[in-house]
Each structure stands twice: as structure tokens, then as C-alpha cells.
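Peer 1: Mind having a look at this structure? Questions to follow.
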Amino acid sequence: MLKERNIGVWFDEERINTLDQSGEMLITVLSALAQEESRNISENVKWGLRNKYAKGGCHTSRLLGYKTGKSEHLEIIPEEAEVVKYIFRRYLEGQSINGISKELENKGYTTIRGSKTWGFTTVRNILENEKYIGDVLSQKTYTVDYLSGKRVANDGVLPKYYVENDHEPIISREDFYRVKEEKQRRTELRKGIEDELGYNGKYSAKYALTSVLFCGECGKPYRRQVWKTKAVWRCSSRLRDGTKYCKNSPTIAEKNLHQCILRAINSVVEDKVKFPDILKYDFFLELKRYKFQNIDYDKEIEKWKGKLIRLLKSKEGISGHKKLCEEILQKLNWLETEKKRSENNKEERNQIETLLDPKLDLASLLRVEEYDDALVRRLISSIKVKADGSVEIWFKVVMAVEEKIWNHTKNINV
């Protein structure tokens, strides 16, 4: 364009004038040399990076919850690590990614870039990042060519390098893989469920039962309805098409359904149903997380000590409240043990070894008194409503309890 207008460019160092024929040829040669030099540099950089990937180690300068230490390994930033833990915990409790984003914004947390706006992609990437369990996956992306500098996802074009236990984890492996399973479950739910309007279903974080309660006759999900002031759950197929496809699905009062779920959970806690210890172990672990994840052990110990002192000072004394005093002492001993173990940062599974002790009164420690959506999301994978008014409740540890909505009869499946 400049040449067409008879405008030349003078390169003083090379003493080249672009209006001269020789100058144009020199520019072409120098450009080719510069391009080749750029290609050589790019190839050398790629070679160096791939050698580093093969040797292991993390190659990121900054990550929420971590900083690069003197040894070039990632070191935890406690304040930011709490934000990461919150994201994983809320997802496992059933909150949607958009819901978590809003909660983070309301709490005033900032992203790694200092922004107070949390996007869907930001939260999703944190939930999918293996670095939070102490591992490193390198070469997730690669540069297509050195001229454009465009990076794309590595879908098998180049080798990836996975290094385990590279640095201290923020999230346990168990929770990380549970998040992956929950993500897959929500994806399948979105693909497989049709709502009343005929569109593809989507995961709902408003009510926990929306994503787990299904009709035993037609397989469609149950939906929450409000009749004047009474909340009930009904088969979505029955709501949309009447009795055309689903003839015998019962309508369930929400209050009765909640009580039924509590009976099923407590029947396992009180050992009224028999399961293998390995299944109980996982069940109690999850229930303990729910009940004690944010517990202030000192405050809880003082509360139970106060109750014990009041019993001792009563007219009846120890003799009049022997059983209750034993239960309180047992709870105090358990709380003291849990406090020491939590301070020593021992593995969670080691913290609840005593939960399988037959001498331990689990009913007083883990019995659930009130229905909570967060607990349902943690423990239950699906509930099948049968035509006879019973429900088959499948827990995530692959065991099931059958309860009658109106009667207390019980069957067991493992």
C-alpha cells in the first residue's frame, strides 16, 4: 500500500530503502530469515517444556489456593484454600455451579485475578482441576503453530504427562472423584429427563428430591406441587398426560416423605437393618461429615459438660440419671478424641474407626432429627416410589432400605 503511493521506508541500520528494487529483495530475504529464527526458537521452547513435563512437577505460576514456593513446588495459601474447599463442599451438597458463583459473590470472595465476579467457567474449572488433589496433568493444551500462537485443547495429538502426589493437596481424592461422579449424574439427568413441557430436563438445586425421586411404574421423575398450603410430590408423567401412561403412581405428601427418609437413615444408624461393615463405614463417614464438618469441638464439649454438671447437681444425682450420664460421658470421650485427631490432621477414615465399635451408641451421636436437603444430597442416590405407597431408598454406598410412607414395614436390598 505504501509503495503504491510512492512512500518508502528507510531502515537506517541495514541501510535499506523499500522503494529500491534491491531493497525489496533484501526485505524478503531478511523476513524469511526472521521467520526461520522464530521457528527454531519455538521448537527449542517446545523441546524444553516437554522435557520438563516428562520429569514431572507443576508448571503454573499461580492457582487459587496455591503459590509457587522456593522449591518450585506449589504451597498452600490457607485463606484461598478455604474458598476452594467451600466450592467443593457446596457442589457435593447439591448446589449448582451458578448457585455457587452467586454465593461466592455474596460472600465477597475474589477470583485469582482479583475479580469479584465469579463466572460459570471459573467455578467449573476449579472443580475439574486435578492440582487440588496434589497431582499434575501437563500439556492439556498446545500451540497449533508458531506464527499464530493459537492454543487448542490437546485431544490426543500430543502426549500428556500425569504426576501423582506432586504437592500438598487441598481436597481429598475421595471428594474429588465424588464431584466427578456427581457431575456425570447431573449430566445424565439433564439428558434423560423430560419436564412437563417436553423439553430436556436440567439439574435443579432448589429441592434435593427433584433429582432423586422417580416413579416406580413409568420411571419419570416426581415433581413438587403445592395444593393450597400443602406441598405434595407427583409423577411428572401423571401431571402431563393423566393416567394415559402412568395409572397407579401415588401422590405423596412432602411431610410424610421427609419422615420416611429420616426413618430409613436412622434405621441404619440404629443398626435396625444389617449391612456389611464396609458399606456401613462409608455411610457413617458421610453422615459424620454432614453432622460435624463445621463443629466447634471446644464449644460442643463445654455444652455437654454443662449438661453433665446439672445432672450431678440435681436431687437424684448420678443414681437417678445413670443411663443418661453414661451417654453424656461417652459423647464427651468421643468429642475429645475427635478434637485431637482433627488437630493432628489425620485422614478422615482414621478419625471414625470407633464408629464401627459395637459398644458405641451411634443413635446418640449420629441420629438425624430433622430433614435436610443437604443430607439427602450427600447420602441418597435415588428413591423409587411404588404403587403400594412404599419407597425404595438407595443410598450412595450401594445399599437400599424400603419404607412404607404410611406404615413402618421395612425390606432391605444390598
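Just so it is clear, none of the values below were taken in a lab; they were calculated from the coordinates. In this text the structure is predicted, and so the values were computed from the model without any measurement. Note that each Cβ is placed from the backbone with ideal geometry, even for glycine, and that neighbours are counted across all protein chains shown.
Peer 1: Give me the distance in nm between label points sitting 7 Å out from Cα along the Cα-to-Cβ direction at residue 12 and residue 228, one decimal.
Peer 2: 9.3
Peer 1: Would you mind calculating the gained length between residue 394 and residue 79 on full extension (0.36 nm times residue separation, minus the Cα-Cα distance), in nm to one decimal?
Peer 2: On the way: separation 315, 0.36 × 315 = 113.40 nm, distance 3.71 nm.
Length gained between residue 394 and residue 79: 109.7 nm.
Peer 1: How far apart, in nm, are two points set 7 Å out from the Cα along the Cα-to-Cβ line at residue 301 and at residue 337?
Peer 2: 1.5
Peer 1: So what's the gap between the Cα centers of segment 75-95 and segment 365-391, to the nearest angstrom?
Peer 2: 26
Peer 1: Report the extension gain between residue 387 and residue 62 in nm, rounded to one decimal, defined as 0.36 nm multiplied by the number of residues separating them, less their alpha carbon distance.
Peer 2: Values: separation 325, 0.36 × 325 = 117.00 nm, distance 5.57 nm.
Contour length minus Cα-Cα distance gives 111.4 nm.
Peer 1: On to the next question. With label points built 7 Å along Cα→Cβ from the Cα atoms of residue 162 and residue 271, find their separation and express it in nm.
Peer 2: So the two model labels end up 4.0 nm from each other.
Peer 1: Going down the list 180/220; 85/206; 255/288; 85/255; 102/183; 255/280, which pairs span over 30 Å between their C-alpha atoms?
Peer 2: Working: 180/220 24 Å; 85/206 22 Å; 255/288 25 Å; 85/255 33 Å; 102/183 19 Å; 255/280 27 Å.
Exceeds cut-off: 85/255.
Peer 1: While we're on this one: Estimate the FRET efficiency between residue 111 and residue 372 by the formula 1/(1 + (r/R0)^6), using the beta-carbon distance for r and 35 Å for R0, to the nearest 0.05. Before the final figure, lay out each step's value.
Peer 2: On the way: r = 30 Å, r/R0 = 0.86.
Rounded to the nearest 0.05, the efficiency is 0.70.
Peer 1: Still on this structure, please answer the following. Computed FRET efficiency, Cβ-Cβ of residue 86 and residue 185, R0 30 Å: what is it to the nearest 0.05? Please report the intermediate quantities before stating the final value.
Peer 2: Working: r = 21 Å, r/R0 = 0.71.
Working from the Cβ atoms, E equals 0.90.
Peer 1: Please list 3J(HN,Hα) in residue order for segment 106-112, calculated via the Karplus relation 6.51 cos²θ - 1.76 cosθ + 1.60 where θ = phi - 60°; whole Hz, with x for glycine and proline.
Peer 2: 5, 7, x, 6, 10, 6, 4
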